[in-house]
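Here, each number is a calculation from the coordinates, and none is a lab measurement. Predicted model only: the values in this text are computed from it and were never measured. Glycine also receives a Cβ, built like all others from the backbone with ideal geometry; neighbour counts cover every protein chain displayed.
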Amino acid sequence: MQETDRRKFLGFAIGGVLVAAAGAITYPLYKYLAPRKREDARQKVVVAETDVPVGGAKFFELEGRTAVLVRKSGGALIALSAVCTHLGCVVQWQQDKEQFLCPCHGGQFTADGTVIAGPPPRPLEIIPFTVSNGSITVG
Ligand code: FES
């Protein structure tokens with residue numbers, strides 16, 4: 001009888017430690033990969049044109065979500081949501097390929113946001129912007 005109680009206790013204790021360890025690993029990973037919350041809910045963002053070099057990307061927060069400006073090798077600008085349309089991870093810019101890669105499940109998008117590989121069901125959302133006097137106003 002005592003042996004059974006000891007085994008039950010050890011089972012619960014080990015299970016509790018495993019659950020705590022799993023939470024300690026997955027929560028920081030989730031916080032790193034998940035889009036930011038609406039702490040910085042600006043409706044418009046102004047970026048200097050010089051901050052977006054040819055082939056480069058500039059990430060920023062817009063209305064509480066991560067967005068990105070890209071200047072393609074031809075010089076054209078595009079503003080997109082940087083939130084993957086699969087499960088919401090923030091995509092990364094791969095300057096050498098001029099593509100976006102989603103680190104969560106390998107989704108790939110062109111610089112225009114079109115899906116070219118992986119599970120994302122839709123392209124990245126296009127965000128309107130204007131350019132005036134060396135400044136890009138997004139949103
Ligand atoms: S969340 Fe981007 S591919 Fe799954």
Using only the Cα atoms of segment 100-139, construct the convex hull and provide its projected area averaged over every direction, in square nanometres to one decimal.
3.4
Please list, by residue number, everything in segment 61-90 whose backbone N is under 13 Å from a paramagnetic label point 7 Å out along Cα→Cβ of residue 51.
61-62, 67-70
Counting pairwise Cα distances across segment 80-124, what percent come out greater than 15 angstrom?
22
Going by average Cβ density within 10 Å per residue, which order do the peptides 85-98, 43-56 take, highest to lowest?
85-98, 43-56
Determine, from the Cβ-Cβ distance of residue 112 and residue 30 and an R0 of 22 Å, the FRET efficiency 1/(1 + (r/R0)^6), rounded to the nearest 0.05.
0.15
Using the basic label-point model (7 angstrom from Cα toward the beta carbon), what is the residue 72 to residue 6 distance in nanometres?
7.1
Report the Rg/Rh value for segment 1-94, based on alpha-carbon coordinates and the Kirkwood definition of Rh.
1.35
By its C-alpha gyration tensor, with a ≥ b ≥ c as the square roots of the eigenvalues, how is segment 33-139 shaped: rounded for a/c under 1.5, else prolate for a/b larger than b/c, else oblate?
oblate
The chain, dipole about Cα centre (Lys/Arg Cβ +1, Asp/Glu Cβ -1), debye to the nearest 20
300
